[in-house]
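Peer 1: The structure that follows is given in the form of structure tokens.
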Amino acid sequence: MTGAPPIVEMTGISISFPGVKALDDVDFRLFPGEVHTLMGENGAGKSTLIKALTGVYKIDEGQILVAGEERRFSGTADAQAAGVATVYQEVNLCANLSVGENVMLGHEVRGPFGINWRATHRAAAEVLATLGLEQLDLRRPLATLSLALQQLVAISRAMVTKPKVLILDEPTSSLDANEVTHLFTVIRRLRGQGVAILFVTHFLDQVYLISDRITVLRNGAFVGEYPTRELDRTTLISKMIGKDFATLRSLGSERQSHHYEPRGEPLLRAEDLGRKGSSEPTDLELHKGEVLGLAGLLGSGRTELARLLYGADRPDSGTVWLRGKKTDIHTPTAALAHRIAFSSENRRDEGIIRDLTVRENLVLAVQAKRGWFRPLSRKEQDTLVRKYLTELNVRPADPERPMKFLSGGNQQKVLLGRWLATEPDLLILDEPTRGIDVGAKAEIQAAVAALAAKGVAVVFISSELEEVVRLSDRIIVMKDHRKLAELENGPHVTAETIVAVIADEGDDEEGDSE
Amino acid sequence: MTVTTRPPTGSAPGPASSRPSLADRLGARLSALPTVAALLIFIGMIIYGEAAYGRIVQFSTLSNLLVNNSHLIILAVGLTFVILTGGIDLSVGAVIAVSSVAGVMLSNAGWHPVAAVLVMVLIGSALGLVSGVLIQYFGVQPFIATLATMFLARGLASMLSTVPERLADDSAIRELATQLKIIDGNKVNDLVITPGVIAAVVIVLAGFVVLHRTRFGRTVYAIGGSEQSATLMGLPVPVTKLGIYVISGTLAGIAAVVYTSRLGSAQNITGIGWELDAIAAVVIGGTLLTGGTGFVLGSVVGALVLGLMNVLITRDGGIRPEMTTIITGGILLVFVILQRVLAARRRSETG
Amino acid sequence: MTDVAARLAAKRGAIVRNQAFWGVVAIVLLLAINVSSDPGYLSIGYNDGRLSGNLIDILRAAAPILMIAVGMCLVVATGGIDLSVGSIMVVAGAVSMELLSGMDGTTSDAALTLAIALGIATVLGAVNGVLVSVVGLQPFISTLVMMLAGRGIAKVITGGQNTTADNDSFAWLANGYVVGIPVVFLLSMAIVALVWLLVRRSALGLMLEAIGMDSRASRLAGVKRRSLQLTVYSVSGLLAGVAGVFATASVMTVDVSRTGYQLELDAILAVVIGGTSLAGGKFSIGGAVIGGLLIATLDKTVVFLGIPASATPAFKAIVIVVLCLLQSERVRSLFRHRRALRAQSQKEAVAA
Amino acid sequence: GGDDDTSTSSGDDGGELVTVGFVAVGPEGGWRQANEANVQDTFTEEAGFELKYAPATNLDQRSQIDAFTSFVDEGVDVILLSATEGAGWEDSLRRAQEAEIPVILIDRGIEPDDTDLYVTRIAPDNYEVSTSVAEWAVSAFPDGANYFVLEGPAGVSVVNERNRGWDDTVESVPSLVKIGAQTANWSTEEAKSVFETVLRANNNDIQIVFAQNDEMGLGAAIAVEEAGLTPGVDVQIATIDGTKPALEALSEGRLSFVAEYNPLFGETALEVVNQVLDGEEVEPYIVVPSEVFDSAEAATAALPSRKY
Ligand SMILES: Nc1ncnc2c1ncn2[C@@H]1O[C@H](COP(=O)(O)OP(=O)(O)OP(=O)(O)O)[C@@H](O)[C@H]1O
Ligand SMILES: Nc1ncnc2c1ncn2[C@@H]1O[C@H](COP(=O)(O)OP(=O)(O)OP(=O)(O)O)[C@@H](O)[C@H]1O
Ligand SMILES: [Mg+2]
Ligand SMILES: [Mg+2]
């Protein structure tokens, strides 16, 4: 950009993990006052490059210059001291502490009598306000926040140190449009102040909205560094996936027609289903072969509703009829037995089991459904695992690799595989495409469409309204933990329609604190 | 969904609670509920004891409750730090043994009492450091590392001496147990405190301040919440973890000084099972063994509850010996269940 | 050629990384120390239809530890801990001795007693399980309560006495021999094998590990946490009962304050030495067995070498610390580093 | 106590019961069981006493001090103290003195033995008893022998006293050779396990076992039998305590010598307490007579009347 020297310059970086070369001779430069996007498929090595920079991983080869000096940070703390603040891909906060404490941990304002809590909270409130979170109660335990809010808190935290370099690894993966706008305002302001920002995302729109330059990685290798203006979408995608865009299109990610045909008995019917404090009583109907989208802003209660359907939380009001019979679904075990599956938005805490292998993670739900005394034979396992690893294109397709060594997006794919393997009649997907690359997103969408075509009922929750609109036959719009409207999908329905529905209702603005 | 702030329920003991904002914060926090519950149960026990057996609410009984349990309170403060991070320290009882035997032997060998006391404390720190290094730098699990330290300390104590080592009558260390009469009552019904009690109070306050008003303390809580997150948040995790085991060891050393000065003698078999008492005190006080939530003041209440329970059992006097451990276990159980129920009830009210 | 070498090297790496390997090394070392103090240490004699010798003694002494270690291993896998095994041992022992002392000494008496003692032990284990899984208390506290109460219960059962009894069939469990091999050892190995089959040939092992690694995620995956925890604590109680029977049958006396005293620590040590993390998750029953054998060997070695009683704990501590250090990633990477350096310098030497 | 009504503590209807606080050791073994049951059976309400029994938890001296303090605070009339450890009682005893509560030591003495601090001590003499075992060993093996000692936990004062009694006699006899000493924690099971290894380590060349309590002696006997030897012939085992199982074993010849450590002195204690309450002077040390059983016949004769 300007003639200024790069603040971060990484050259010839290589890192190997047992069995994979995660980074192979990668170069990367970051200039002050730019937003630089790191792009690549799931598992391309983006997060690894970031961790190499901050010293969480030791590099095998290569050189890192920060502000012209050769540096090898010993960890986040060290990097932070040098002005490099990082928000890692998975939210890393302490659920037992309050929001305010999480923001300020390690940077509390100290007075003569130790930490001055009043000043500390004031500082926290200031930072949160820049992200539009002035309403958030600082004393609230972090654990009670939705994942999206936690992500925002984590970003606020990184800004407390007033860093020279701000690294954001998929900060927008569970944010809705509003929050993204807020975040981008902040990012632009920081850029104006000369902060260098490294940004990872799988949303192409966002790349073109904010980024100045792009570095593309593929399979751990450096593909190239381009000014955003000079790289159109199709080229970008083909650089990322090494195939051209047409192949991607042919995956058929767009559902051509939406048909909501309430033929006979609904698969599931719920009346007044609710839980005090988290979900207002809601009516719901679901038919075989349809995709029901849940749309809404952050904290609108989509997740809660999904959890009630699965019995992950115990409903305290309402009745559920499943296949015409009144059924109590109070535990996940019961739900699974009734062929209902639920993939949580909280991949890290409620999805993967880090230390189990990919194989074990994949077969877990099937096995739990069968009961422990009827083990899947090795051969059955192999069939299942091979099927879903190929179908969902998990990389590396090594079933014996511990789950924690997979990249975020690939973990998500394995999870999806876990639920598909149970052959559900009703599949509830809460943010299934969170952190998934464009190619894989198309694949997952195609998979959902194919499932519906096979007669599976799908509840699809996503913060990306376009995605909801594209996939759903019917959309329930939610706000403040209750159902606002139910729309039949069709050519007339777009993301804007939904936004309008929400806004119409939103005359009494201040009711929504989140 | 905002957490309703309720008015503070009962003030926590200690001058630290004089700041209303603090009590407010404690009362408002759900995690403080078990601690408050412990306090209420403690008061209930006192009332019950007075009604059933008498002579509980009198100077001597109450001050002896403190005097007799001051070392346990000190141990419990140390364990609170450790348990808050999700760790555990099984070595404290044995550390007391080796530290007191060594201290008394040195003192009797003509060392200056201050030097002897200092060595006693430092022995605790050193053994804490051993545990800490094993845990932090060699990845040994806290249970095992401190178990090894426990064997080590017990072994060292036995190798030093297997007979009671008695402090010389004129030893200055004995002064540390001097009973300072604040109110001189009838016969022995005096309100007394000892330097040991003062030490305990100071340590409790210091522990409170460190945990709630220093970055070190906040890091302790953060590690208990998630060690991985704490590391990725850039907090000084290794130093803190090392620190808490050193603190726990050091406090065990101080507890050794307090106990030894009172007894006037030291022995290699002192302190067997005290680590469990201290852990129980911490748990009764509302600290979760999984780490992340709890209060040092709760642990003090926990230690006093245990002490009071023993007094009540003694006062009853008719309990068959084989029943005492069952009763202790039963009371502990009632305690944790009650706390759970209470916390669940309150949570659903606020939720 | 190089491929084979590489594979061998990889295999060697895997073995060295396997924590139980160091347990075996420690056992061998301890035995070697004993042999150096008495060359005849390993000799095994045969008379009266029974094998005899120090090794056989170790196997017999290991039997109760193996039982509680295996139970502990399962509990630890779910992320729990069972501090009550020692107390459940003494309850089982007390029940057996009280019952037998009022009976005639027939085999059917022994069988009945055995059934009742093991039944009561299982019930106590199940109480732990209920406290942990249904009431939702922390395992450490629940089993601590049982540890306190259990010994009290044993004292109530015997009225505080150390009850003695006579029953040859019952004593045979601990002191008998079949084809020269001690019955206790055969029984304990059979039970270990049974548990192993149950856990590894079904999906139980996977479920337990899932609970131990991440109970929230495994709940959503449909794993029945409550019933599995209940099962595991009950099994631990049952195995502790077996251990209690072994321990008391060998002398036909229950010692209410000493039987099983602090054996929970031995069991936990055995489990950890065997490579199972107390944080829960991946577990190794084979490792726990090695750990149990190591502890028995250690106890016997201390006596054999005549190490003074006062120095015994320190000796134990040193063995544990050294073992933990060998097992630690850091020390091993230090070794690896050294080896790599050496390899490199060799290569350079060749090149030069 | 702060009030003047020191005669009763809790409102029993009789009103004249003497409250006795018994700071006890608690379940430890057959001997302790007999001793404390005997005391409890003696100080009954019929005899005019309310006995408050406070056993130690885990033989921990601290819990005894707590109980003692509590009895003083409560203002009992007399305290019986059966200390687990001799040292460290000065402060507590001084406090009892200030509160004018007489203290009678049961079994264990205190160190240093300051007779001003308590009224009297009633106990058999550990030193004497273990000396009697040593004297038997010397006389039974005039030609010398190898011996092994099974001890209680290292550091416990009974162990120290019993060791002293034995060592003082035996160490002057060079023909008695000490092979070693190990703790078996008072337990039969551990004693068996320990002694079986000791026998192997020494090729069965041990003639005398001095077991510091009956339980360990019985464990050693089992180990001897399992090694294919005959207790009483190849290895002679001497124990201290004199519980029924030990005398039975002696009568069967499995043990060779049992020195009684007489636990039954509740009656004596009762008399002393009454004397003290009446203001009479008592001796500072009342030794409880103990017997020795050196033959199967002696044991057989004593068995029918054995109470514990
Ligand atoms: N700690 C580790 N141990 C072993 N392999 C690892 C480890 N961390 C990452 N990998 C591997 O390194 C490669 C790169 O992973 P990385 O997390 O950097 O991907 P990414 O580009 O961030 O993908 P995503 O978009 O899914 O987050 C993957 O193949 C992954 O399996
Ligand atoms: N992982 C979780 N554990 C427990 N409670 C949670 C979790 N995630 C969300 N919640 C609950 O959900 C509430 C907010 O709902 P949430 O924001 O998840 O709804 P949503 O409409 O699904 O929005 P989002 O887009 O964030 O998923 C929180 O107040 C909290 O009670
Ligand atoms: Mg990533
Ligand atoms: Mg959601």
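Peer 1: Going by the structure shown, is residue C:238 of a type outside the set (Gly, Ala, Ser) and more than 14 Å from chain D (Cβ to nearest Cβ)?
Peer 2: Criteria met by residue C:238.
Yes/no per residue for (1) crowded, with 23+ Cβ neighbours inside 10 Å; (2) within 16 Å of ligand 1 (Cβ to nearest atom):
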residue: A:54; (1), (2): yes, yes
residue: A:59; (1), (2): no, yes
residue: A:62; (1), (2): no, yes
residue: A:66; (1), (2): no, no
residue: A:89; (1), (2): no, yes
residue: A:106; (1), (2): no, no
residue: A:113; (1), (2): no, no
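Peer 1: Can you tell me which condition residue A:75 does not meet? The list is (1) more than 16 Å from ligand 1 (Cβ to nearest atom); (2) under 26 Å from the mean Cα position of the chain (by Cα), and all the others hold.
Peer 2: Evaluating residue A:75 over (1) more than 16 Å from ligand 1 (Cβ to nearest atom); (2) under 26 Å from the mean Cα position of the chain (by Cα) leaves (1) as the failure.
Peer 1: Now for a separate question. On the basis of being part of a helix (DSSP H, G or I), in the same structural domain as residue A:268 (by the TED database) and within 16 Å of ligand 2 (Cβ to nearest atom), does residue A:448 make the cut?
Peer 2: Answer is no for this residue.
Peer 1: Can you name every residue in segment B:128-152 that is crowded, with 24+ Cβ neighbours inside 10 Å and more than 16 Å from residue C:322 (Cα to Cα)?
Peer 2: Selection gives B:128 alone.
Peer 1: Given (1) open to solvent by 30 Å² or more (accessible area, probe 1.4 Å); (2) touching a strand residue (DSSP E or B) at 6+ places or on another chain (Cβ under 7 Å); (3) on the phi > 0 side of the Ramachandran plot, identify the lone condition not met by residue D:203.
Peer 2: Status for residue D:203: all satisfied but (2).
Peer 1: From the set of residues in segment D:82-106 that are of a type outside the set (S, T, N, Q) and in a helix (DSSP H, G or I), which is farthest from the chain's Cα centre (by Cα)?
Peer 2: Only one residue fits best here, namely D:98.
Peer 1: If you don't mind, there's one more thing I want to ask. Hey, any hits in segment B:197-210 for a residue that's open to solvent by 10 Å² or more (accessible area, probe 1.4 Å), farther than 26 Å from residue B:109 by Cβ, under 26 Å from the mean Cα position of the chain (by Cα) and within 10 Å of chain D (Cβ to nearest Cβ)?
Peer 2: No, that holds for no residue.
Peer 1: Just to be sure, is residue D:57 closer than 24 Å to residue C:151 by Cα, open to solvent by 20 Å² or more (accessible area, probe 1.4 Å) and in contact with a helix residue (DSSP H, G or I) (Cβ under 6 Å, 6 or more places away or on another chain)?
Peer 2: Spelling it out, residue D:57 is indeed closer than 24 Å to residue C:151 by Cα, open to solvent by 20 Å² or more (accessible area, probe 1.4 Å) and in contact with a helix residue (DSSP H, G or I) (Cβ under 6 Å, 6 or more places away or on another chain).
Peer 1: For residue A:45, state whether it is open to solvent by 10 Å² or more (accessible area, probe 1.4 Å), at pLDDT 90 or above and on the phi > 0 side of the Ramachandran plot.
Peer 2: In short, no.
Peer 1: Moving on to the next point. Can residue C:323 be described as open to solvent by 70 Å² or more (accessible area, probe 1.4 Å) and at pLDDT 65 or above?
Peer 2: It is false that residue C:323 is open to solvent by 70 Å² or more (accessible area, probe 1.4 Å) and at pLDDT 65 or above.
Peer 1: Test each condition in (1) within 13 Å of chain C (Cβ to nearest Cβ); (2) surrounded by fewer than 24 Cβ atoms within 10 Å (Cβ to Cβ); (3) under 21 Å from residue B:266 (Cβ atoms) for residue B:114 and report the one that comes out false.
Peer 2: The single condition residue B:114 does not satisfy is (1).
Peer 1: So, in segment C:30-77, exactly how many residues are touching a Ser or Thr at 6+ places or on another chain (Cβ under 8 Å) and either β-branched (Val, Ile, Thr) or part of a loop (DSSP other than H, G, I, E, B) (or both)?
Peer 2: 7
Peer 1: In this structure, is residue A:154 under 21 Å from the mean Cα position of the chain (by Cα), within 16 Å of ligand 3 (Cβ to nearest atom) and in a helix (DSSP H, G or I)?
Peer 2: For residue A:154, the condition - under 21 Å from the mean Cα position of the chain (by Cα), within 16 Å of ligand 3 (Cβ to nearest atom) and in a helix (DSSP H, G or I) - is met.
Peer 1: Continuing with the same structure: Take residue D:63 and tell me if it is without any contact (Cβ under 8 Å) to a residue 24 or more places away in the chain and of a type in the set (Gly, Ala, Ser).
Peer 2: yes
Peer 1: On the basis of being within 19 Å of residue A:407 (Cβ to Cβ) and within 16 Å of ligand 2 (Cβ to nearest atom), does residue A:203 make the cut?
Peer 2: yes
Peer 1: Give just the number: which of (1) open to solvent by 10 Å² or more (accessible area, probe 1.4 Å); (2) within 16 Å of ligand 2 (Cβ to nearest atom) does residue A:415 not satisfy?
Peer 2: (1)
Peer 1: Can you tell which of A:101, A:90 is within 16 Å of ligand 3 (Cβ to nearest atom), facing chain B (nearest Cβ under 10 Å) and not hydrophobic (A, V, I, L, M, F, W, C)?
Peer 2: Just one listed residue meets the conditions, A:90.
Peer 1: If you don't mind, there's one more thing I want to ask. Report yes if some residue within segment D:127-135 is of a type in the set (Val, Ile, Thr), within 18 Å of residue D:255 (Cβ to Cβ), without any contact (Cβ under 8 Å) to a residue 60 or more places away in the chain and open to solvent by 10 Å² or more (accessible area, probe 1.4 Å); otherwise report no.
Peer 2: Checked segment D:127-135: no residue is of a type in the set (Val, Ile, Thr), within 18 Å of residue D:255 (Cβ to Cβ), without any contact (Cβ under 8 Å) to a residue 60 or more places away in the chain and open to solvent by 10 Å² or more (accessible area, probe 1.4 Å).
Peer 1: For segment A:420-430, indicate whether the set of residues that are within 16 Å of ligand 1 (Cβ to nearest atom), within 14 Å of another protein chain (Cβ to nearest Cβ) and open to solvent by less than 40 Å² (accessible area, probe 1.4 Å) is non-empty.
Peer 2: no
Peer 1: Next question. Residues that are within 14 Å of chain D (Cβ to nearest Cβ) and of a type outside the set (Val, Ile, Thr): does segment C:266-289 have at least one?
Peer 2: yes
Peer 1: Output the number of residues of segment A:295-347 satisfying the condition of being on the phi < 0 side of the Ramachandran plot, more than 16 Å from ligand 4 (Cβ to nearest atom) and part of a loop (DSSP other than H, G, I, E, B).
Peer 2: Final tally of qualifying residues: 8.
Peer 1: Moving on to the next point. Which pairs turn up if I take residues in segment C:134-162 that are open to solvent by 20 Å² or more (accessible area, probe 1.4 Å) and look for partners that are charged (D, E, K, R) with beta carbon separation below 6 Å, at least 6 apart in sequence or on another chain?
Peer 2: Hits for this filter: C:155/B:322; C:156/B:322; C:157/C:98; C:162/C:255.
Peer 1: Kindly provide the set of residues from segment C:294-323 that are touching a Leu at 6+ places or on another chain (Cβ under 9 Å), of a type in the set (A, V, I, L, M, F, W, C) and more than 8 Å from chain B (Cβ to nearest Cβ), ordered by number.
Peer 2: Result: C:294, C:295, C:296, C:298, C:319, C:323.
Peer 1: Given (1) at negative phi; (2) surrounded by fewer than 18 Cβ atoms within 10 Å (Cβ to Cβ); (3) more than 11 Å from chain B (Cβ to nearest Cβ); (4) modelled with pLDDT of 90 or more, identify the lone condition not met by residue D:43.
Peer 2: Here residue D:43 clears every test but (2).
Peer 1: Give the residue, chosen from B:316, B:277, that is crowded, with 23+ Cβ neighbours inside 10 Å and more than 7 Å from every other protein chain (Cβ to nearest Cβ).
Peer 2: B:277
Peer 1: Here's something else I'd like to know. So the check is Cβ under 6 Å with 6+ separation or different chains; which pairs have a first residue in segment C:248-263 that's facing chain D (nearest Cβ under 7 Å) and a second one that's open to solvent by 20 Å² or more (accessible area, probe 1.4 Å) and of a type in the set (Lys, Arg)?
Peer 2: Listed pairs, sorted by first residue: C:256/C:155.
Peer 1: Taking segment A:78-100, which residues are in contact (Cβ under 8 Å) with a residue 40 or more places away in the chain and part of a helix (DSSP H, G or I)?
Peer 2: Across segment A:78-100, the qualifying residues are A:80, A:99.
Peer 1: Out of segment A:372-382, which residues are more than 8 Å from every other protein chain (Cβ to nearest Cβ) and more than 30 Å from the chain's Cα centre (by Cα)?
Peer 2: Across segment A:372-382, the qualifying residues are A:377, A:378, A:379, A:380.
The values are calculated or read from the model by the stated rules, or taken from the named source; none is laboratory data. Because the structure is predicted, anything quoted here is derived from the model rather than measured. Counting neighbours? That spans all protein chains shown, and the Cβs are built from the backbone with ideal geometry, glycine included. We work out accessible area using only protein heavy atoms, side chains counted, and drop any ligands, DNA or RNA first. Shrake-Rupley method; radii C 1.70, N 1.55, O 1.52, S 1.80 Å.
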